[in-house]
Amino acid sequence: MLPQSFLESLVTMAEDSKWPRTASLISDAESPVGLIDIPAHKTSISETSAHLTPKAIRGALTRYSTFSYSTQESITTGLQDLGEITNPDENEAETISRITSANKPLTIALGGDNSVTYAAALGSLKDRLSSARLVTLDAHHDLRDGVSNGSPVRRLIEGGLNPKNIVQIGINDFSNSADYAKLAQDLGISVISRTALAQMGIAEACKIALGEGTGPVFVDIDVDVCDRSVVPACPAAAPGGISAFELRQAARLLAANPNVVGMDITEIDAAKDSSDGRTVRLGALLVLEMLAGFQLRFG
């Protein structure tokens, strides 16, 4: 169950014709950006109610305006609703098929736990996996054995993604084992650790991650890359992660690149959020940053 105080806040807000809310951007109308819910949670390493999160993020969009102060422009690009995947843990083929058939310049996938990255990436990258690139914002490598929210990167590599085309931003101390860190190194995955990120800044990290390549890019945003104080609904978040603002910056900067064809938002357990709904609200703001970034592609 979502916190009652959060649910009540969504229905008591005053309406204002001069304050268009971003939830109005979601419709069935044709748009270059698709929004799909992938409420996976059954294979999570730790128990989670992440399946509640896509609907919670959609609800939180009612809180925000379509106007970006930093660019002095409103978001005019709509989100074409691609619906919800039923039982996504056991139905990855449907996720892949729906995203592939939608064929959007950018698809935004709302998880769910991090296991959704595997199918969301395959659907977005289509048959171009061998030339594709993966950027993750995550405290973890996600190279574990088996099928879980700890294994999507390993599964994508086994599916044909070149590990040398993977950049992981925000990998944190004491959040990975020595064996998986060595595996990442042996595979040739590029890692920008939390410490390195603090030194270079998020803009430079995103620039490095995007590089000079021309292949399609999928971006996995595991929100537990953030400091635990700003994302209490992320079970694996640790004190000392990146700030909410850094993550928002990254979402906008990466979405502005025309090679980015898919992005996901994962690992928020809406049932564990604080009474003010801060983690779910951050998820909603990430959607808006992605849309603002997408609009930057067109000047």
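Quickly run through region 253-287 and pick out the residues that are in contact with a strand residue (DSSP E or B) (Cβ under 9 Å, 6 or more places away or on another chain) and among the charged types (D, E, K, R). Result: D264, E267.
Would you confirm, using the coordinates I've provided, whether G299 is on the phi > 0 side of the Ramachandran plot and in contact with an Asp or Glu (Cβ under 9 Å, 6 or more places away or on another chain)? So G299 fails the test.
Matching residues to (1) in contact with a helix residue (DSSP H, G or I) (Cβ under 8 Å, 6 or more places away or on another chain); (2) closer than 20 Å to A237 by Cα; (3) surrounded by 23 or more Cβ atoms within 10 Å (Cβ to Cβ):
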{"residue": "L110", "(1), (2), (3)": "yes, yes, yes"}
{"residue": "S115", "(1), (2), (3)": "yes, yes, yes"}
{"residue": "A119", "(1), (2), (3)": "yes, no, yes"}
{"residue": "R128", "(1), (2), (3)": "no, no, no"}
{"residue": "V135", "(1), (2), (3)": "yes, yes, yes"}
{"residue": "H140", "(1), (2), (3)": "yes, yes, yes"}
{"residue": "L156", "(1), (2), (3)": "yes, no, yes"}
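Looking at region 170-179, can you tell me whether even one residue there is under 15 Å from the mean Cα position of the chain (by Cα) and not in a helix (DSSP H, G or I)? Yes, that holds for at least one residue.
Out of region 253-273, which residues are charged (D, E, K, R) and either surrounded by 24 or more Cβ atoms within 10 Å (Cβ to Cβ) or assigned to a loop (DSSP other than H, G, I, E, B) (or both)?
D264, E267, D269, D273, listed by residue number.
Here the condition is being crowded, with 17+ Cβ neighbours inside 10 Å and touching a strand residue (DSSP E or B) at 6+ places or on another chain (Cβ under 8 Å); of V231, V217, it holds for V217 alone.
Please count how many residues of region 204-214 are touching a strand residue (DSSP E or B) at 6+ places or on another chain (Cβ under 8 Å) and either closer than 16 Å to H140 by Cβ or at pLDDT below 95 (or both).
Count: 2.
T195 meets the conditions (1) of a type in the set (V, I, T); (2) part of a helix (DSSP H, G or I); (3) in contact (Cβ under 8 Å) with a residue 40 or more places away in the chain in every case but one. The failed one is (3).
The values are calculated or read from the model by the stated rules, or taken from the named source; none is laboratory data. Small disclaimer: the values here were computed from a predicted structure and weren't measured. Don't worry about glycine lacking a Cβ; one is built from the backbone with ideal geometry, like all the others, and counts go over all protein chains shown.
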